[in-house]
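Novice: What follows is a single structure, and I will ask about it in a moment.
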Amino acid sequence: MSQLDEMKANYQLDCKGLACPLPIVRTKKAMNGLAEGQVIEVQATDKGSLADFQSWARTVGHHYLGTVQQGDILKHYLRKLSSGETGDSADFAITISNEELEQLLTDGSSGLVLLDVREPAEYAFGHINGAVSLPLGELEQRVGELDQAQTIYVICRSGVRSSLACKLLNSKGMEKVVNVLPGMSGWQGTTI
């Protein structure tokens, strides 16, 4: 069973049997009830819904994570935009570029941890090989799972959540923390 098969969303919306524009209309209404950063799974049978959801998410600013097809059902995953992700909030002082991180990984640098603080659904749709998934919302409770002796490179979609994670880790006494910019939205290396 793959990570995509085990993926959990915060909310499921049944739009099976509906044609455009109803899946988008119902999703928009459901998104209004979600908290920032939560993930919705929209189940649809309209084959055109794939392009519809990609375009709609891009237009309104939510993150289209991907689609899984199971028989005739398309399961679309979208993440509600967080207000903190708008604008340039990736302001943690110690940063590294995606290209520099890729070089470190290619060189096989030891003593580093790549920490992916995106939501599990985002991680499941593609992540850097070896990245540890620890969503930002769980980080404070699970910080003890990280080794302070290693340098922790923190990545998210755009650098904003990873910046917040770096600040949190610093406040917990971790000094070897680096924010990866621009994050997965600009990652050109391989993913699994």
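Novice: Name the single residue, out of those in region 42-73 being open to solvent by 20 Å² or more (accessible area, probe 1.4 Å) and in contact with a Ser or Thr (Cβ under 7 Å, 6 or more places away or on another chain), that is modelled with the lowest pLDDT.
Specialist: Across region 42-73, the extreme among qualifying residues is L50.
Novice: A further question follows. How many residues are closer than 14 Å to D116 by Cβ and polar (S, T, N, Q) if we restrict to region 169-183?
Specialist: 1
Novice: Now for a different question. Exactly one of (1) assigned to a strand (DSSP E or B); (2) touching a residue at least 40 places away in the same chain (Cβ under 8 Å); (3) β-branched (V, I, T); (4) over 23 Å from S158 (Cα atoms) is unmet by T27. Its number?
Specialist: Exception for T27: condition (1).
Novice: Related question: Report the residue count in region 51-68 for those that are in a helix (DSSP H, G or I) and not small (G, A, S).
Specialist: In the first step, residues of region 51-68 are kept if they are in a helix (DSSP H, G or I); the result is 51-60.
Cutting the leftovers down to not small (G, A, S) gives us 52-54, 56, 58-60.
Going through region 51-68 one residue at a time, the tally reaches 7.
The values are calculated or read from the model by the stated rules, or taken from the named source; none is laboratory data. Everything numeric here is computed off the predicted structure, so don't read it as measured data. Backbone-built Cβ (ideal geometry, glycine too); neighbour counts: all protein chains shown. Please note that ligands, DNA and RNA were not included when accessible areas were found on the heavy atoms of the full protein model with its side chains. Shrake-Rupley method; radii C 1.70, N 1.55, O 1.52, S 1.80 Å.
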